[in-house]
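This is the structure I have questions about; it appears just below.
Coordinate-derived values only; no laboratory data. A quick note: this is a predicted structure, and the numbers were derived from the prediction, not measured. Quick reminder, even Gly has a Cβ in these numbers, built from the backbone with ideal geometry, and neighbours come from all protein chains shown.
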Amino acid sequence: MPWAERLNFALRQIIDRGRGLSGFLSKLSALGLILAVAVLLAVLSVMNGFEREMRDRILGLVPHVTVRGFTDLESWRGHQQKLAAMPEVARSSLFAERDVLAVRGTRVHAARLLGLSEEALSIWQPMITPPINSLPDGDILLGRALAERLGVDRGHRLQLIVPAANNRDTTANIRVVTVTGVIYSGTELDEGLMIGSFGFAASLESEEGTASGIALQLEDLFSAPRLRWTLAGVLPPTLYVTDWTGSHGNLYTAIQLSRDLITLLLLSIIAVAAFNVVSSLVLVVTDRRGSIAMLRALGASGADISWIFLLQGGLIGVIGASAGLFLGVLLAEATPYLAAGLEWLLDVKLLNTDVYPLSFLPVDVRWSDAVKLWCAAVLLCLVAAIVPARRAAKLPVAQILATLGA
């Protein structure tokens with residue numbers, strides 16, 4: 001039997017107009033596969049989005065490697081120049097940080113004041129409203145969540161209560177600052193972040209105005225642990241080195257682990273949907289026993305019958321997986337809008353940076369995932385069709401024809 005004829009018989013069994021059991025069961029199998037593939041692609045896209053935002057947004061803002069310690073400003077500058085010359089380092093900058101209390105009327109909130117140079121401030125530029133090029137001393141930027149808690153906006157003034165630099169001095173340092181902009185990164189960083197100029201933050205640390213450390217951004221952020229150990233061996237003992245895996249590594253690992261577990265879980269759903277083809281095609285074989293016997297009597301071989309059912313299983317996989325990918329892409333792209341609609345309907349914030357690392361639902365549809373899902377679904381359907389195909393090829397033709405004649 002030519003391949004075209006085999007394919008034609010397989011298609012006719014799938015596109016049954018409803019007069020027999022064959023078409024109904026084929027459509028039911030394809031529908032289950034469509035839903036399984038669509039849900040898996042949508043969920044994977046959301047998990048990919050969290051991984052991307054974690055890597056590009058959060059880890060793009062926090063230092064990959066941080067050198068801290070106690071030394072004077074000139075020594076800090078010397079160390080910075082040496083570290084900037086290392087091939088792994090993309091950018092290095094001095095920073096000064098202080099824990100402060102921000103006071104606005106009766107509202108008091110703890111915050112971390114981060115003093116940055118103009119070069120380091122450029123990383124934050126896309127997230128600052130309104131855009132600024134520099135920060136004069138006494139002007140600060142606030143994370144949106146912190147600004148909302150304090151009830152301040154651009155142009156408002158705040159009091160900063162800065163703890164004493166040493167235990168012998170019990171007098172707190174109070175400064176009045178002006179809010180010149182709001183930072184919205186959509187991450188947990190907005191909860192307690194306050195950015196000022198390096199000179200202003202350094203003057204709060206001590207009268208000499210020293211730095212708190214050096215922030216390094218690397219070409220490859222995953223090389224941070226190795227570089228940390230390298231720097232720990234060459235820098236003076238008064239300095240200590242940390243990297244992003246200490247502050248955000250657990251979160252990144254948890255996202256990766258969640259993605260892998262969800263993939264395994266939903267792949268099992270696809271496997272169930274694919275192996276539903278087994279029961280469907282077994283019932284189709286029973287329903288089409290007479291037709292199979294007539295084809296064998298007309299000269300079709302057992303291999304021809306086997307290939308017809310294998311092709312039917314493969315076509316169910318191709319149609320179901322393709323339609324599932326199309327539906328999955330639509331579902332993934334609609335997920336942020338569905339989440340926003342649910343928030344509006346319930347009047348509840350589903351993602352809050354008090355609990356979650358992001359305040360929005362990210363989506364990243366990766367075509368590599370789509371191709372893998374398509375191949376896995378089609379392959380599982382082909383494997384599932386082997387048993388019904390072998391059973392159809394071994395049907396007792398003479399007995400069936402005798403039964404039909406009776």
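Filter the DSSP H helices in the chain by two things, a Kyte-Doolittle mean of at least 1.0 and an axial alpha-carbon span of 24 angstrom or more, and list the hits by number.
21-53, 249-287, 302-346, 367-384
Further question on the same structure: Once you wrap a convex hull around the alpha carbon atoms of the stretch 85-125, what is its projected area averaged over all directions, in nm²?
4.2
Say we join alpha carbon atoms closer than 10 Å with springs in a Gaussian network model of the chain; which of GLY290, GLY199, GLY32 then has the biggest fluctuation?
For the chain, modelled as a Gaussian network with Cα springs under 10 Å, the answer is GLY290.
Under the Kirkwood approximation for Rh and a Cα-based Rg, what ratio Rg/Rh is obtained for the chain?
Across the chain, the Cα-based Rg/Rh ratio is 1.23.
When the Cα centres of the stretch 39-69 and the stretch 113-167 are compared, how far apart do they sit, in Å?
Answer, in whole Å: 24.
Please state, rounded to one decimal and in Å, the Kirkwood hydrodynamic radius that the stretch 114-201 gives when every pair of distinct Cα atoms enters the mean of 1/r.
13.5
Further question: Taking the stretch 1-155 as the region of interest, what is the percent of Cα-Cα pairs per 10 angstrom bin, listed from the shortest bin to the one with the maximum distance?
Taking every Cα pair in the stretch 1-155, the percentages come to 7, 21, 21, 14, 8, 8, 11, 8, 1.
Spin-label point model (7 Å from Cα, Cβ direction): what's the GLN256 to LEU342 distance in nm?
Calculated label separation equals 2.8 nm.
Further question on the same structure: If you average 1/r over all unlike Cα pairs in the stretch 63-247 and invert the result, what Kirkwood radius do you get in angstrom?
17.2
While we're here: Cα-based Rg (one decimal) and Dmax (whole number) for the stretch 220-298, in Å?
Calculated on Cα positions, Rg and Dmax stand at 29.0, 91 Å.
Is the stretch 30-119 best put as rounded, prolate or oblate by its Cα gyration tensor, with a ≥ b ≥ c the root eigenvalues, rounded for a/c under 1.5, and otherwise prolate when a/b is larger than b/c, oblate when not?
oblate
Using 0.36 nm times the number of residues separating TYR240 and LEU11, minus their current alpha carbon distance, what extension gain do you get?
Gain in length upon complete extension: 75.5 nm.
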